[in-house]
1. Ratio of alpha-carbon Rg to the 2.2 N^0.38 Å globular estimate for the stretch 2-100, to two decimals, please.
2. Just subtract the alpha-carbon distance of VAL17 and SER76 from 0.36 nm times their residue separation and send over the number in nm, one decimal.
3. Could you pull out the trypsin sites (Lys or Arg not before Pro) across the stretch 15-101 that fall in loop regions by DSSP (anything but H, G, I, E, B) with no more than 12 other Cβ atoms inside 10 Å?
4. With charges set only on the Cβ (+1 for Lys and Arg, -1 for Asp and Glu), what does the dipole of the stretch 2-100 come to about its Cα centre, in debye to the nearest 20?
5. Please compute the modelled spin-label separation between GLU68 and GLU89, points set 7 Å along Cα→Cβ, answer in nm with one decimal.
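FYI, it's all coordinate maths here, none of it is from the lab. Remember, predicted model here, so these are calculated numbers, not experimental data. Methodologically, a virtual Cβ is constructed for each residue, glycine included, from the backbone with ideal geometry; neighbour enumeration extends over all protein chains shown.
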Amino acid sequence: MTRAVDIHAERAYSANVNKRINVFLPEGTIALLDRVTTKGNRSRFIDAAVLRFVEAGGRESLREQLEEGYAAHAASDLAIASDWFPLDEEAWTRVAPLEAN
């Protein structure tokens with residue numbers, strides 16, 4: 001009896017509440033869906049597909065933003081690295097003999 005109450009409480013307050021919606025799909029998409037999953041598992045399959053699609057889109061968007069940022073700042077990054085290169089070289093020539101000991 002306690003187990004039944006625990007399960008009920010878990011479901012009643014769970015954040016994963018399912019909601020029924022109506023979705024219109026082309027016949028070809030439905031045929032493909034029927035080939036890859038059973039009718040009883042359509043919702044679970046579509047849920048997983050949507051989550052994966054959104055996650056992949058987020059990664060792609062982030063990748064594009066990073067690439068744009070790298071390209072936009074490439075010249076200034078190179079100038080900064082060039083400005084500091086002599087100082088960096090000097091520091092390494094001082095550190096290398098210390099590391100050899």
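1. Compared with the compact-globule rule of thumb, the stretch 2-100 sits at 2.22.
2. Residue separation times 0.36 nm, minus the Cα-Cα distance, leaves 16.2 nm.
3. Answer by residue number: LYS19, ARG20.
4. For the stretch 2-100, the charge dipole is close to 1360 debye.
5. For the pair GLU89/GLU68, the computed spacing is 3.8 nm.
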